[in-house]
Amino acid sequence: MTAIKIIKGDITKLHVDAIVNAANTSLMGGGGVDGAIHRAGGPKILEECRAIVARQGGCKTGEAVMTSGGKLPAKYIIHAVGPVWNGGNNNEVQLLTNAYKNSLQLAVENDVSSIAFPNISTGIYGFPKDKAAAIALQTVKKFIETTNNLSEIVFVCFDDENFKLYNQLMQANK
Ligand code: AR6
């Protein structure tokens, strides 16, 4: 059984096997949660990202790569790239679904048991929060129907609006 938890807070503080970063295709850091993770985790994370870029040239939208957690309490960081919201007719829904799915897949492949997600694409990338929350929850629920390897999935909301939306959706789908 996989537990799904909704919390409000700073993802860099979590003691889980892996936290997911809302990264960009360059993997070179940025603002929002990406900036917070690199700041708190230290330079080792960027070093590992650079090695990935040298190997495969970044990370496509909807895909994910993994580094260590650097100085963070989490053992790993899964850097996932969500889509920029561009009106909704540019494959945004599928690409956000893929970002969650590929992060979960990478977690399972690396024996991660507990994983925490931020609300990918809902900050700087402008994805409508209600739509993004529904996609995140649906994708995770569908994924755990077919695997028993994850003990806990945490959605870490940073703002009140996302926290409320996730709780409403969890209640509605009980
Ligand atoms: N812990 C948890 N959630 C956070 C934190 C934190 N410490 N800080 C912000 N959030 P964003 P995006 C929330 O903008 O929309 C970067 O520059 C935030 O409130 O971080 O996917 C990247 O390099 C929001 O709900 O990511 C990319 O270029 C959520 O995290 C671009 O931003 C995601 O917001 C990605 O944009």
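Below are the figures for this structure:
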read-out: Most to least accessible of E48, E145, E63 (protein chains only, probe 1.4 Å); value: E145, E63, E48
read-out: Residue order for T147, T25 - accessible surface, 1.4 angstrom probe, largest first; value: T25, T147
read-out: Net charge of neighbours whose Cβ lies under 13 Å from the Cβ of M28, counting Lys and Arg as +1 and Asp and Glu as -1; value: -2
read-out: Length added when fully stretched, S113-S26, from 0.36 nm per residue minus Cα-Cα; value: 28.6 nm
read-out: Dipole moment magnitude, nearest 20 debye, the range 102-174 about Cα centre, only Lys, Arg, Asp, Glu C-beta charged; value: 260 debye
read-out: Added length on full extension, which subtracts the Cα-Cα distance from 0.36 nm per residue, R50 to K8; value: 12.0 nm
read-out: Solvent-accessible area per residue, Å², over the chain with all protein chains present [probe radius 1.4 Å]; value: 49 Å²
read-out: Label point distance in nm, M170-T147, each placed 7 Å from Cα along Cα→Cβ; value: 2.1 nm
read-out: Residues whose placed amide H lies under 5 Å from that of I6, excluding near-sequence neighbours; value: F155
read-out: H79 long-range amide H proximity, modeled H, under 5 Å; value: N21, V65, M66, T67
read-out: Projected area, mean over directions - the range 37-106, Cα convex hull, nm²; value: 5.1 nm²
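The values are calculated or read from the model by the stated rules, or taken from the named source; none is laboratory data. On a predicted model such as this, the values are computed, not experimentally measured, just so you know. Every residue, glycine as well, gets a Cβ built from its backbone with ideal geometry; the counts of neighbours run over all protein chains shown. The protein model used for the area step is the full one, side chains on, heavy atoms only, and it has no ligands, DNA or RNA in it. Shrake-Rupley method; radii C 1.70, N 1.55, O 1.52, S 1.80 Å.
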